[in-house]
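Scroll down for the structure; my scribbles are underneath it.
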Amino acid sequence: MAASFGKQSLFRLSRFSCRCKTSGFLNTKLFASPLVTSGCRHSSSSAHTNSNKQESEKHETHFGFQSVSEEEKENKVYEVFENVATKYDLMNDAMSAGVHRLWKDMFLERFSPTPGTKLLDVAGGTGDIAFRFLKYVGTPVGSTFSSSASVAQSSSDDSSSSDSEGTQVENKDSFSEPDINGSHVTVCDINQAMLDVGKAKAKSMGYSSGISWVKGNAEVLPLPDNTFDAYTIAFGIRNCTHVQKVIDEAYRVLKPGGRFMCLEFSEVKNPLLRSVYDSYSFQVIPVMGQVIAGDWKSYQYLVESIRQFPNQETFAAMIKSAGFRFVNYKNLTFGVAAIHSGFKI
Amino acid sequence: MSRNCVFTQVFVNLQKMKGTLNSTHLNSFRTLRISSVISNDINNEVPSNTSHQQYDMFYPGHISTSLFQKSLLAAGSGIACLLNPARDDMLCALGETTGPLALKYIHSKMMSDSVGRQILEEKPVINTTTINLEKLGSLPDGTFGKEYWTFLKTNGFSPDARRPVNFIDDAELMYVMLRYRQCHDLVHTLLGMPPNMLGEVAVKWFEAIQTRLPMCISAALFGPIRLGPKHRRKYFDIYLPWAIRSAYNSKFLMNVYFEKHWEQDITEFRQELNLEPAPVPLIKTGKNTKTK
């Protein structure tokens, strides 16, 4: 069964390319799942829905190596992260032997934000990038701004109203002020369970200023145009149903001159290393998931979704096609992960 | 299956190496296209092998695993059980990954018995949808059903809490495993053992001898380490000899259609099974366990 649409989309024409395939075992599930999706998703399919059969030919995408309908993928990804939220950090450490911390540090090193940066960290629920950012720009720990002046809230009304049907802004709570230097990070994640873990961490670390939490879909950000100096997404874009849409949204919310940075698993080119890496991924990681987090399938999904994600070059082309300039990438650990970067000029 | 998948990928990698060598890097775009075409092959071929075979291949809930994954899981779950005995999912995983040989033995014993065969044919399942707990509660005192109901009630257990089987690569053996698991509380009731450490160890000895499941054997051997001094003495003096004796003397409990004996008097039922009741019954009172 064909799966990846990302790999083929070297060019922009495949932006909204989705799978229109019938597969027997899926159709039964399609009617069961309520459609909780953004409006634009079905705009193309609505034109040709007459018979039952055609209606069942909803767009398909991949969930790991399975083909699922697009709505189902969103729900399934939600489930995965709901299941693993509390064990997320422990599992990351176990699977990568702590290397993911180094990757994230290098990501910040390469990003090197200056104090005063307004950052949007998408899919950053547990705050791994956000806290590193705050540390990097020197946000003081434990500073208390008791005033509830909402900075971003006032500006979030105008332009985001256009796509308000699809957005899932449920609790736009605690928009805290920027810190003394004007640095601020907005953490956006679609998953409440992950945000809860992040918020609890922020509390225990003593951050009260410079960070705010938004629940929202990366494909339809509940945020206004031209707002942020930088956009980061670390190990998150892989889980989105429409990768290109996510990049387009990043382009929209960034100020001109703003930077897009993405840390994501990528392709190991060396065939020997790759076979070792693949054996480790498929043979060991699901077992670890079962033993540590009590969840085999979420980690099976993880290693499968890594293989489905576009490789370095293809992903760079996708970033370029969204309008970003000076797009480049850097491999980490032989390409197990890669940092992609681009500027909105 | 996943082993196949890895081999396929290695094979594809070799193909890819060949492909890139042939193209001699003259045109980087060409190599890029080659690599993306080949990685599409991975996505098109490997997924179709794995996605349908990885899960639910032999029964719903089945996760197919390689031998390597099973051994890793056995080791990992064993350690997890030692670190945290409350992780019943790890105990289950340990039972499943080490169980197939013993399960085959149980299966053959069941096949050679008429009731066992009937159970394997009908595959009865014990949970709240198949068993009317209220009805069991309304049975007269002293019946097997009422005793089971009391056991569940006093310990706050539910028959639904028994986990499904995931890692057994055979539908028939999966059912044997499930049946063993679902009958565990019934064995407790029959033996009159509360689910505290001492009672659990006695039941594990009984089950280890009857079923030969490695998980039961290791629990029977290593469980007593966690007993306190008083219980340890009682264990060696009374319960261990009794558990071994009754396990050998009684009927093979996997061949008992428990669901058909709810209304039978428990002492009569025990006699029928040639099951020797505990010499000194264990009684659970709140947190402490007393002997009469």
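What follows draws every value from the coordinates through simple rules; no lab data is involved. It should be emphasised that the depicted structure is a prediction, and the values quoted were computed from it without experimental measurement. Cβ sites come from the backbone with ideal geometry, for glycine too, and all protein chains shown count toward neighbours.
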At 10 °C and a viscosity of 1.306 mPa s, what translational diffusion coefficient does Stokes-Einstein give for segment A:252-345, taking Rh as the Kirkwood radius over Cα pairs? Give it in µm²/s as a whole number.
108 µm²/s
Mind checking the mean number of beta-carbon atoms from other chains within 10 Å of the Cβ atoms in A:275-282?
5
Segment B:193-248 - convex hull of the alpha-carbon atoms, volume per residue in Å³
63 Å³
Excluding residues on the same chain fewer than 8 positions from A:Lys199, give the aspartates and glutamates whose Cα lies under 13 Å from its Cα.
A:Asp128, A:Asp173, A:Asp189
Find, to one decimal place in angstroms, the Kirkwood hydrodynamic radius of segment A:169-327, where the mean of 1/r is taken over every pair of different Cα atoms and then inverted.
17.7 Å
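Could you give the length gained by full extension between B:Arg232 and B:Glu268, i.e. 0.36 nm per residue of separation minus their alpha carbon distance, to one decimal place?
Length difference between fully extended and current span is 9.9 nm.
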Take peptide A:267-274, look around each residue's Cβ out to 10 angstrom, count Cβ atoms belonging to other protein chains, and average those counts.
4
Set A:Lys73/A:Lys203; B:Lys204/B:Lys234; A:Lys201/A:Lys344; B:Lys135/B:Lys251 screened for pairs whose C-alpha atoms are more than 24 Å apart
A:Lys73/A:Lys203; A:Lys201/A:Lys344; B:Lys135/B:Lys251
Can you work out D for segment B:97-160 in µm² s⁻¹ from Stokes-Einstein, where Rh is the Kirkwood radius over C-alpha pairs, the temperature is 10 °C and the viscosity is 1.306 mPa s?
114 µm²/s
Take each of the peptides B:118-129, B:249-260, A:68-79, B:199-210, average the number of other beta-carbon atoms within 10 Å over its residues, and list them starting from the highest.
B:199-210, A:68-79, B:249-260, B:118-129
Two-decimal Rg/Rh of segment B:134-292 from alpha-carbon positions, Kirkwood Rh?
0.95
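Within 10 Å of each Cβ in A:284-297, how many Cβ atoms from other chains are there, averaged over the peptide?
Details: counts 4, 0, 7, 14, 3, 0, 13, 12, 2, 0, 5, 1, 9, 4.
Rounded to a whole number, the mean comes out at 5.
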